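The values are calculated or read from the model by the stated rules, or taken from the named source; none is laboratory data. Since the model is a prediction, treat every value here as computed from it, not as a measurement. Cβ placement follows ideal geometry from the backbone for every residue including glycine, while neighbour counts extend to all protein chains displayed. For the accessible areas, the whole protein counts, side chains as well, though only heavy atoms, and no ligand, DNA or RNA atoms are used. Shrake-Rupley method; radii C 1.70, N 1.55, O 1.52, S 1.80 Å.
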Amino acid sequence: LEDIVGTVRRALCDPAAEVRASSARAFDSLYKQLGQRAIEEVVPALLEGLDDESGHALKGLQQLLTLRGKIILPFLVPQLSAPPMTASNARALAALAGVSGDSLSSRIPTILGALSDGMEEGDDPEAIALAAEKVVLSVPQDGVRLMLLELIRRLEDVTTPKTRA
């Protein structure tokens, strides 16, 4: 089993798009057999590779999201949105949002909240703001309401004067 998992991990980071697509299908089969364990064995290694300049780990994650977004995104969002927000994590969230489809909708408040905080406290506020813009543009129709509610809530937090008790 470890050999299969290792092969899938490596192939998801392959430079060739066809290899990554085949590996994502192999991961899908692995998930059908192992369930959550497949995610725990494969996805953390891809997260570790996000800082690689080649971008292959990110492309591998995108492949996984196109096949199993509803099960992968709940694992990824807490990892990528944990404070402090980095420009690297923000770029990853933006790239992954673009392929997440409907599975993105329920995660919008968490993602936008983390990106908003990152624009104030992150390592590169401009890059984080650009990533936030890409996320907003990626929100599917069924997530627009949640997105607007989160943005309004954030605006109210900054515009409402704090009252003393």
What is region 40-116's relative contact order, in percent, from Cα pairs under 8 angstrom and six or more apart in sequence?
32 percent
How big is the charge dipole of region 6-55 about its Cα centre, in debye rounded to the nearest 20, if each Lys and Arg gets +1 on its Cβ and each Asp and Glu gets -1 on its Cβ?
340 debye
Where nothing but the Cβ of Lys and Arg (+1) and of Asp and Glu (-1) is charged, how large is the charge dipole of the chain around its Cα centre, in debye to the nearest 20?
620 debye
Based on the alpha-carbon gyration tensor of region 1-52 and its eigenvalue square roots a ≥ b ≥ c, which shape applies: rounded if a/c is under 1.5, prolate if not and a/b is larger than b/c, or oblate?
oblate
Which FRET efficiency value, to the nearest 0.05, is calculated for D102 and A82 with the Förster distance at 25 angstrom and r the Cβ-Cβ distance?
0.55
Work out, step by step, the length gained on full extension between T7 and L155: first 0.36 nm times the residue separation, then minus their alpha carbon distance; give nm to one decimal.
48.6 nm
Please report, to one decimal in angstroms, the Kirkwood hydrodynamic radius of the chain built from all distinct Cα-Cα pairs.
16.5 Å
Per-residue ellipticity at 222 nm for the chain, helices alone: DSSP H runs ≥ 4 residues times -39500 (n - 2.57), over residue total, nearest 500 deg cm²/dmol?
-25000 deg cm²/dmol
Geometric extent, Cα atoms of region 49-121 - Rg, Dmax (angstrom)
11.5, 34
Estimated distance in nm for a label pair at L137 and S22, the labels positioned 7 Å out from Cα along Cα-to-Cβ
3.4 nm
Cα-based Lys pair tally, the chain, threshold under 28 Å, eight or more apart or on separate chains:
5
With a probe of 1.4 Å, find how much accessible area region 70-116 has per residue, and write the answer as a whole number in Å².
35 Å²
Which sequence of R9, R37 reflects their accessible areas, 1.4 Å probe, from the largest down?
R37, R9
Binning at 5 Å from 0, report for region 78-153 what percent of all alpha-carbon pair distances ends up in each bin.
3, 20, 32, 26, 15, 4, 0
Could you tell me what percent of the accessible area of the chain is made up of carbon and sulfur, with a 1.4 Å probe and every protein chain present?
53 percent
